[in-house]
Structure formats: structure tokens, C-alpha cells
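Worksheet for the structure shown next.
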Amino acid sequence: PIRMAGSIRDITRRKAAETALAFSQKLLDDILQGSPVATYVIDMDHKIVYWNRAAELLTGRKASAMIGTDKHWEVFYDQKRSMIVDYMVDDMAPATIIKRHYQHTNFRKSKFENGVVGDVYFPNFYGGGKWLRFNIKPLYDVEGNRIGAIESIEDIHQLKRAEERLRHFNKELKSKIAEKTRHLREANERLKSLNELKDEFIAVTSHELRSPLTAIRGYLSFLNDPETLQTLSASTQNYLKRAYNNVEVLNNL
């Protein structure tokens with residue numbers, strides 16, 4: 001060698017950008033790992049590239065055994081089949097996914113861009129039957145190119161059981177209200193019938209009492225005539241007046 005040539009470039013901004021990117025990636029990883037919601041990500045080859053701790057706890061599958069494989073289907077099904085994340089990686093629109101493959105389920109578009117959400121019951125899921133809520137959406141790079149898909153899974157089994165108990169309670173409550181309403185209606189009908197009987201009894205009793213009272217009142221009125229009273233003793237006059245007054249009271253009653 002007779003000489004050595006070299007060049008020097010200022011890469012401060014690049015190093016700062018790399019440091020910022022590494023920090024952002026570390027922050028994102030910490031956030032996802034600390035999330036209580038099970039989350040995993042697949043790339044455009046349908047391979048798992050991310051599997052957080054919550055996913056490990058929910059499924060019983062370690063990240064080391066899942067990352068780099070396309071076995072996300074094994075967590076939920078006995079035989080290999082495409083899942084919504086796979087359809088999204090294949091650039092299928094949410095409406096098309098639902099129409100073609102999930103039209104008889106409760107999957108629907110979510111609030112996220114091109115996302116899908118839905119609840120599914122798995123009778124043989126890891127650790128026993130579970131209701132799970134899935135939120136799936138595609139992932140894009142800064143230029144808007146699809147680079148994979150992300151799926152989050154929530155254990156909503158207790159929520160579904162509570163909803164079922166609430167529906168059962170409401171059903172029983174409606175049944176009891178209907179029964180009590182029927183009893184109340186029947187009681188009102190009986191009261192109405194008794195009220196009619198009471199009115200009839202009062203009318204009949206009033207008539208039956210008024211007839212003899214009218215006759216008695218007529219005779220007493222005749223006897224209480226001043227000319228007739230003069231022919232009677234004072235005590236007899238007093239008796240007739242008292243009798244006549246009491247007949248008037250009964251007649252008014």
C-alpha cells in the first residue's frame with residue numbers, strides 16, 4: 001500500500017432518528033406487553049411476528065412457540081382454516097369477509113379503519129368453554145401499504161354470563177308482572193262484581209224497608225192529626241210523636 005483514502009460523513013441526524021425509532025419500538029413493545037388484552041400480529045406471509053404476554057396467559061401458548069409460525073388457528077380450531085386476520089392480509093374488505101365467511105355470526109365492522117369485531121363462544125377453548133371478543137384490523141406502513149394484520153382477544157365469558165343472567169331475570173320479572181297483573185285484573189273483576197252485588201243489595205233492601213215504612217208512616221201521620229191527638233192522653237200523644245219522628249229517621253236513612 002502506498003496510500004489510504006477515506007471519507008467522513010456527519011450521521012448525527014441518522015443516529016438520532018435510529019435512536020428515536022428504537023425508543024418508539026421499545027415503548028410500543030412495553031405498551032403491548034403490559035396490555036391486559038391478548039394481542040398478536042401476523043405479517044403478509046401469515047406468520048406470527050408478535051405475541052404478547054396476555055396472549056400467552058389467555059391461550060396457554062408461549063410466544064417462543066408461536067412467533068414465526070402460522071399456527072394462530074390452532075388456538076381456536078381442531079383443523080387448519082383461514083381466520084379473519086388471514087383474509088385481511090389477503091386484502092379482503094371487511095364487508096366481503098363478513099358476507100362470504102361470517103354472515104351467520106355477529107361479526108360486524110368495528111370503529112377502526114377496515115376493522116372487524118365480533119363475539120364467539122368456543123366450547124373447547126384452552127381452560128374450558130369461553131366467550132371471546134375479537135377485534136381485527138389490517139396494519140399499514142407509512143406509505144399506506146398493507147404489511148399485516150393485528151388481532152386482539154378479550155375474555156368476555158363473565159360478561160356474557162352476566163348478560164344471560166340479566167336476560168333470564170328480565171324474563172322471569174316479565175312473567176311475574178304478567179301473572180300479578182292477571183291476578184290484579186281478576187281481583188278487580190271480583191271487586192266490581194261485589195260492588196254490583198252491594199248496589200243491588202242496597203237497592204232491594206231500601207225498597208223492602210221503604211214499603212212497610214211508608215204504610216207505618218201513613219198510619220202514624222193519621223194518628224198524629226191534631227183532631228185525633230185531642231182524643232188521646234198526653235202520654236199516648238208523646239208515644240205517637242216519638243214513633244212518627246223515628247219513622248221519619250228510618251225513612252231518610
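Any read-out appearing in this document is the output of simple, stated calculations on the displayed coordinates, not a laboratory observation. All of these numbers come straight from a predicted model, not from anything done at the bench. Here the Cβ is made from the backbone with ideal geometry for all residues, glycine too, and neighbour counts use every protein chain on show.
Number of residues in the range 50-61 that are in contact (Cβ under 8 Å) with a residue 60 or more places away in the chain, outside any loop (DSSP other than H, G, I, E, B) and over 16 Å from Ile136 (Cα atoms) equals 2. Of the set (1) among the polar types (S, T, N, Q); (2) in contact (Cβ under 8 Å) with a residue 60 or more places away in the chain; (3) surrounded by fewer than 18 Cβ atoms within 10 Å (Cβ to Cβ), all apply to Ser152 but (3). Answer yes or no: is there a residue in the range 50-59 that is buried (at least 16 other Cβ atoms within 10 Å of the Cβ), over 24 Å from Met92 (Cβ atoms) and in contact with an Asp or Glu (Cβ under 8 Å, 6 or more places away or on another chain). Within the range 50-59, one or more residues are buried (at least 16 other Cβ atoms within 10 Å of the Cβ), over 24 Å from Met92 (Cβ atoms) and in contact with an Asp or Glu (Cβ under 8 Å, 6 or more places away or on another chain). Within the range 36-49, the set of residues being free of Cβ contacts under 8 Å to residues at least 60 places away in the same chain and either closer than 14 Å to Arg133 by Cβ or surrounded by fewer than 20 Cβ atoms within 10 Å (Cβ to Cβ) (or both) comprises Pro36, Asp45, His46, Lys47.
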